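A short write-up of the structure that comes next.
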Amino acid sequence: MPSRDPSTSLPLHSHVTDALKAPSLIRLSDNLVLARFETLKIYAALGAVRSLVEAGTVRPGDTLVDSSSGIYALALAMVCHRYGLRCHIVASTTVTPTIRSQLEILGATVDQMPAEQDLRLDQHRRVARVQELLRRHPGMHWMRQYHDPVHRLGYAEMAALVRAALPGAPLAVVASVGTGASSAGLIGPIRQDDPSARLVGVQPFGSVSFGSDRFQDPEAIIAGIGSAIPFDNVRHELYDQVHWLTFRYAMAGTVALMRRHAVFA
């Protein structure tokens, strides 16, 4: 928990993950608030690892392994740094040299998949590589960000921040689906206060999560925003609506957000 220096109103954090986990809430219009993260999946990684450490499932010095297209990898590496754990990332072909360098400086071992135009094959290869590592090193703990519900736990803190910032307001949460952990972890606590709160999912064409794998988007260049395999953390019953986006449409929205609000997200 952050402490406060009596000479300043700024909180003092004991680890960078506490400083980076909470989003900035930016009002874009009367009825639209954007949650912008510095590193998106710290809530997921921090909540999951804290739960595993407290349960005694993992201990300092153990190795955590998982597949990632980059953002979860960076969050997990930082959380492993915090808890004295080793980190092994099986990285997508799309992980940038900048993110790979950060992972390695943090002490993570990085297995990066070879260049591959088919991002669905990239995801399958990553999972197969994790399973190979587990056969060779049975002491590793597979985080299973796609499937293990412990990744939802950390988002309860974010839900409390949202309710405090928007007290009494009827809410509709619009979120990319991805692994399903963030939207499920966020909407659950919010609906405890307001059962009428809506959840709207956003997905790229080609994802199997809601049956769009028949439609491919050849321009998609970002791995991890959709799913080539079923994810157990996607709780389909929680979503009131799902919108499908092409990569070009999503990119245009990002450009418009920057132009109108000076926000890159």
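A simple spin-label model places the labels of residue 30 and residue 172 1.5 nm from each other, with each point 7 Å out along Cα-to-Cβ.
Using heavy atoms of the protein chains and a probe of 1.4 Å, the accessible area assigned to residue 57 is about 70 Å².
Prolate is the label for the stretch 77-170, because the ratio a/c of its alpha-carbon gyration tensor axes (a ≥ b ≥ c) is 1.5 or higher and a/b is greater than b/c.
By accessible area, using a 1.4 Å probe on protein heavy atoms only, the chain has 56% of its surface on carbon and sulfur. The candidates 231, 264, arranged from most to least accessible area with a 1.4 Å probe in the full protein assembly, appear as 264, 231. Along the Cα-to-Cβ line of residue 200, 7 Å from the Cα, sits a label point; which residues in the stretch 22-64 have backbone N less than 18 Å from it? Counting only backbone N, you get 26-36.
Counting 0.36 nm for each residue step from residue 109 to residue 262 and taking away their Cα separation leaves a gain of 51.5 nm. Close amide H contacts of residue 263 (hydrogens built in the peptide plane, cut-off under 5 Å, sequence separation of 5 or more or a different chain): 258.
Taking every pair of distinct Cα atoms and averaging 1/r, then inverting, what Kirkwood hydrodynamic radius in Å comes out for the chain?
19.5 Å
Between residue 172 and 198, the built amide H atoms are under 5 Å apart, and every one of these is 5 or more places off in sequence or on another chain. Rounded, prolate or oblate: which fits the stretch 194-263, taking a ≥ b ≥ c as square roots of the Cα gyration tensor eigenvalues, rounded meaning a/c under 1.5, else prolate when a/b beats b/c? Note, shape of the stretch 194-263 comes out oblate. What does the charge count near residue 83 come to, summing +1 for each Lys or Arg and -1 for each Asp or Glu among other residues with Cβ under 10 Å from its Cβ? Value of the local net charge: +2.
The amide H of residue 154, built 1.01 Å from its N in the peptide plane, has 47, 48 as neighbours under 5 Å, considering only residues 5 or more places off or on other chains. Ranking of 210, 215 by solvent-accessible surface, largest first: 215, 210 (1.4 Å probe, protein heavy atoms only, all chains present). Inter-label distance, residue 219 to residue 161: 3.2 nm, where each label sits 7 Å from its Cα along the C-beta direction.
Dimensions of the stretch 16-91 along the principal axes, based on C-alpha atoms and rounded to the nearest Å, stand at 48, 27, 18, largest first.
So between residue 128 and residue 255, what do we pick up on full extension, going 0.36 nm a residue minus the alpha carbon distance?
42.1 nm
In this rough spin-label picture, where each label sits 7 Å from Cα along the Cβ direction, the residue 14-residue 232 distance is 3.2 nm.
The values are calculated or read from the model by the stated rules, or taken from the named source; none is laboratory data. In this text the structure is predicted, and so the values were computed from the model without any measurement. Don't worry about glycine lacking a Cβ; one is built from the backbone with ideal geometry, like all the others, and counts go over all protein chains shown. Ligands, DNA and RNA are excluded from the accessible area calculation, which covers all protein heavy atoms including side chains. Shrake-Rupley method; radii C 1.70, N 1.55, O 1.52, S 1.80 Å.
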